[in-house]
Structure formats: C-alpha cells, structure tokens
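Q: I am attaching a structure below and will ask some questions about it afterwards.
The values are calculated or read from the model by the stated rules, or taken from the named source; none is laboratory data. These numbers were taken from a predicted model, which means no experiment stands behind them. Cβ placement follows ideal geometry from the backbone for every residue including glycine, while neighbour counts extend to all protein chains displayed. Ligands, DNA and RNA are excluded from the accessible area calculation, which covers all protein heavy atoms including side chains. Shrake-Rupley method; radii C 1.70, N 1.55, O 1.52, S 1.80 Å.
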Amino acid sequence: MPERPVAVVCGPTAAGKTALALQFAAQAPVTIISADSRQIYRGFDIGTAKPTVAEQAAVPHVGLDVAEPTERWSAWQWARLAHEAIAAARRAGRVPLVVGGTGFYIRALATPLAPLPPLDPDARAGLAALLDTMDSEELRRWCLRLDPERAALGPVQWRRAIEVALLTGTRLSAWHAQAPALPAVPVRYLVVDPGPPLADRIAARVETMVADGWVDEVTALVAAVPPSAPAWQATGYGAVRDVVEGRRSIEEAVARITIDTRQYAKRQRTWFRHQLVEGPVTRVAPDQPEAYERALAWWRAHCEETL
C-alpha cells in the first residue's frame, strides 16, 4: 500500500503560515512539524518568530529547540527528525503537518537525500573565519561558482555549499544526489504567499519583534553564545547584536533587518515558485477574499484522504 501523503504549508517569511496551521489544528488533531532552519536553535525565539509557549501548549510541535546555537544542522538531519515525527503522529492518531519556509528542508523530505560528508573541524574553523569577512553578495558569488544549484537559497546555505565544495572537493548538490539514506515522502503543498502586501507584513513584524523584547533576548544571548555560532546567522540577529554592542542604533537596525528580511522573502518566493517537487501544489494569498475557505477546503480534503 503506498504511503499516505503529508500536508506541507510553506511560503515566505511573514506570510501567515503558522496562523493558518493553528486554524487547521482546530479542525483535526494535528502535530506541527516545523520546517524552519532558524527555529531549531534554543534561545533564538523572538527574531525567528518561533510559536509562542501558548501556541506550543495548544498544539504539539516538533522541530523547535532541537539544537544548541553552536551546532550545525543539515537538511538530512532535519528530514530524519521529520520522518520520525510523521510516524509518531500517525501512531498517536494525529495528522502530521509540516509548516515552514526552509525550502531545502522540505525538499529533503520530498526527495531522497544522502547524509552530509564529514568535515575536518580545524579546516572548517579556518574557512569559517574567512567566510565571516564576506558580505551576502560575495558569499552568493562564491556559491554560484562552486555549487550553482545552491545559489538560489540563502546565506546559511551558501556558506554550507562553499564549505563542502572546498573541504571535500565535491559539490553539496552532488552529495545530495547520491544514494539516499532516507526514503522520499509523498507530499501535498499549500503555498501561502500574500504577494505585494508581504513587504508591509515584514515591516510590521520587525517592529513587533523589537517591541516584544528582541533586544533583551539578544543581550542575554550575547553573554552565553559565541559570536561564531551558526544560530547568529538567522536574519536580523547580527543587526540586533550590533545594537547591543553599540555599533548601531535601534532605528538603523530595524531598517537593515526590514531590508534583509524582504530580500530573504524574495529568494523564498522564487524558490517556492520553481523548486517544489513531487507533489500537487495549491497556492493562496491570505489577504484575498475566500483565501481561508480555499485553504480549509484543501485541508479537509487532505484529512479525508489520509486519516
């Protein structure tokens, strides 16, 4: 008997994916599996828009706070966690629902993926020091030359692609094309994308994050997490750290974060338009009339077919 498909709610940052997933959870018993490469880190909460304590109490979540800020996580590691969470949810009579904007995580679930190669820690540390001196555009140019297939992603993924290519002599995309250690999972996508209103949504969310105590969060993190930790690469955290350490004003940081987040969302939107594989796709713009009704119809049809 073929495996039942998994529902995936994806799209750019600030699109409203979490709110929609929580509404779905009111219709059926759900386990939300976060597909967000920033929300895996403990302590990095406000700036990653991690679901609140109340939201996590209302609906079981998997994939949050699974890594220390100093750890690096691969798409293969996340896919292994997602496989386990899907099986556990179904054993408990719940519907697994993957929610997030990290496209390469989602692709790792939908297509076979090999584990990453081991990298020499000393060589990696030396290369990291060099990469830390590069801005996003320079990182993208390096990635474009070393592993063009990864260049449509973001700075974290560019760094990883550069690391693997230089330290192993093989492109990361080639490693991913090797014989898989995990099977592919059939998926059914709901892409949430507000379109032009997304820019204003992003600006409003950055302001809300600051009002909710983002600077205080980063102040505590600076005292506990080394500057080289991968978790700091999440969009906005570097700018807020500059505020904490006296290199920027909060107004300058908010402007910088808003621009960077809009650029990140643009890359996400491009990815979700062209890179989704192996599954039917429904697209909704949450601010449009009847968008919620269309999304709910998609969800109900999925539940009827898979429960």
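Q: Multiplying the sequence separation of Ala199 and Ser173 by 0.36 nm and subtracting their Cα-Cα distance, what value in nm do you get?
A: The Ala199-Ser173 span can extend by a further 6.2 nm.
Q: If you don't mind, another one. So if I take the centroid of the Cα atoms in region 99-173 and the same for region 1-44, what is the distance between those two points in Å?
A: Here the two parts' Cα centres lie 24 Å apart.
Q: Further question on the same structure: Scan around Leu182 for amide H atoms under 5 Å from its own, H built in the peptide plane at 1.01 Å from N, and keep only partners 5 or more places away or cross-chain.
A: Leu113
Q: Evaluate the relative contact order of the chain (contact order divided by residue number), counting alpha-carbon pairs under 8 angstrom at least 6 apart; express in whole percent.
A: Working: 457 pairs, mean separation 83.4, N = 307.
It rounds to 27 percent for the chain.
Q: What length, rounded to one decimal in nm, is gained on full extension from Ser249 through to Asp120, with 0.36 nm per residue of separation minus their alpha-carbon distance?
A: 42.6 nm
Q: If you don't mind, there's one more thing I want to ask. Given a 1.4 Å probe and every protein chain left where it sits, what share in percent of the accessible area of the chain is carbon and sulfur? Please list the in-between numbers first.
A: Working: 7490 of 13980 Å².
Here it works out to 54 percent.
Q: Which value in nm describes the separation of the simple spin-label points at Ala26 and Leu296, placed 7 Å from the Cα toward the beta carbon?
A: Between Ala26 and Leu296, the label points sit 0.8 nm apart.
Q: Between Asp65 and Arg145, what's the calculated FRET efficiency when r is the beta-carbon distance and R0 is 35 Å? Round to 0.05.
A: After rounding, the FRET efficiency stands at 0.45.
Q: OK, next. Where is the GNM fluctuation largest for the chain (alpha-carbon springs, 10 angstrom cutoff): Pro29, Pro280, Pro155?
A: In this elastic network of the chain, the residue with the biggest mean-square fluctuation among Pro29, Pro280, Pro155 is Pro280.
Q: Tell me, what are the semi-axes, in whole angstrom and largest first, of the equivalent ellipsoid of the chain as set by the roots of 5 times the Cα gyration tensor eigenvalues?
A: 30, 25, 18
Q: May I ask you to give the solvent-accessible area per residue for the chain, in square angstrom, as obtained with a 1.4 angstrom probe?
A: Normalised by residue count, the accessible surface of the chain is 46 Å².
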